Amino acid sequence: MKAAQTLTVLRLLTKRKYFTPILLILLAFPAAALAAGSDETTNGPSVGQAEVAPLAQLKRPVTGFHRVVESIAADIRADERAAARREEREAEERFADLGVSMATLESIASCESGGDPTAVSSDGSYRGKYQFDYGTWESMGGSGDPAAAPESEQDYRAAMLYASSGSSPWPICG
C-alpha cells in the first residue's frame with residue numbers, strides 16, 4: 001500500500017499543475033497542526049514545550065527534495081525542447097511534397113504583410129498573409145475573402161501557388 005501511495009505522489013509531482021498545490025499542502029498541514037494546539041491536558045509534550053530541531057537533521061531531506069525538484073524541472077525542459085523540435089520538423093515537412101519550404105513561405109509572408117494573416121492592402125485588392133487577390137485565391141481552390149481564411153489555409157494555398165508558379169506571383173518579395 002505504501003508503494004502505491006509513493007508512486008501516486010511521484011506521478012502528481014511530475015505534473016506541473018499539481019506541484020504547487022501539493023507543496024502548499026505539505027507545508028500547511030504540519031504548520032496548522034502545530035498552531036492548533038490542544039485545550040486538553042495531555043501527558044506528552046505540548047506545542048509550548050517544543051524545541052527547535054538542529055539544522056543538520058533537516059539538511060539531508062531538503063537536499064533530497066531539491067534534487068527531486070531539479071530532476072523534474074530538467075525532465076520538463078527536455079520534454080519542451082523535444083516538442084519544439086517536433087513542431088519545427090512537422091512545419092518543415094508540411095509542404096515538402098509541394099516543393100516549398102516553410103522558411104520560403106515565411107520570408108514571402110514577412111515581406112508581403114509582415115506575417116499578418118488579416119492584412120489588407122491600402123486599395124483593398126490584395127488580402128491576407130500572402131496578399132492574394134480574389135482571382136488568384138480562387139484559382140488555388142480558396143473561397144471567400146483570403147484575409148478571413150485561417151492562417152493554415154493561407155499557408156497551404158500559398159504553397160500550392162509557389163509550386164505551380166514559383167516566386168513570380170510575388171515580384172518584389174518572392
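Coordinate-derived values only; no laboratory data. Since this is a predicted model, take the numbers as computed values, not measurements. When we count neighbours, we look across all protein chains shown, and the Cβ atoms used for this are built from the backbone with ideal geometry, even at glycine.
Applying 0.36 nm per residue to the separation of residue 168 and residue 67 and subtracting their alpha-carbon distance, the gain on full extension is 30.6 nm.
Count charges around residue 86 for me, please; just the other residues with Cβ under 14 Å from its Cβ, Lys/Arg as +1, Asp/Glu as -1.
Numbers: positive: 81, 85, 89, 94; negative: 79, 80, 87, 88, 90, 92, 93.
Result for the neighbourhood of residue 86: -3.
Here the ratio of the Cα radius of gyration of segment 96-165 to 2.2 N^0.38 Å is 0.99. Peptide packing: for 162-169, 126-133, the average count of neighbouring Cβ atoms within 10 Å per residue gives the ranking 126-133, 162-169, highest mean first.
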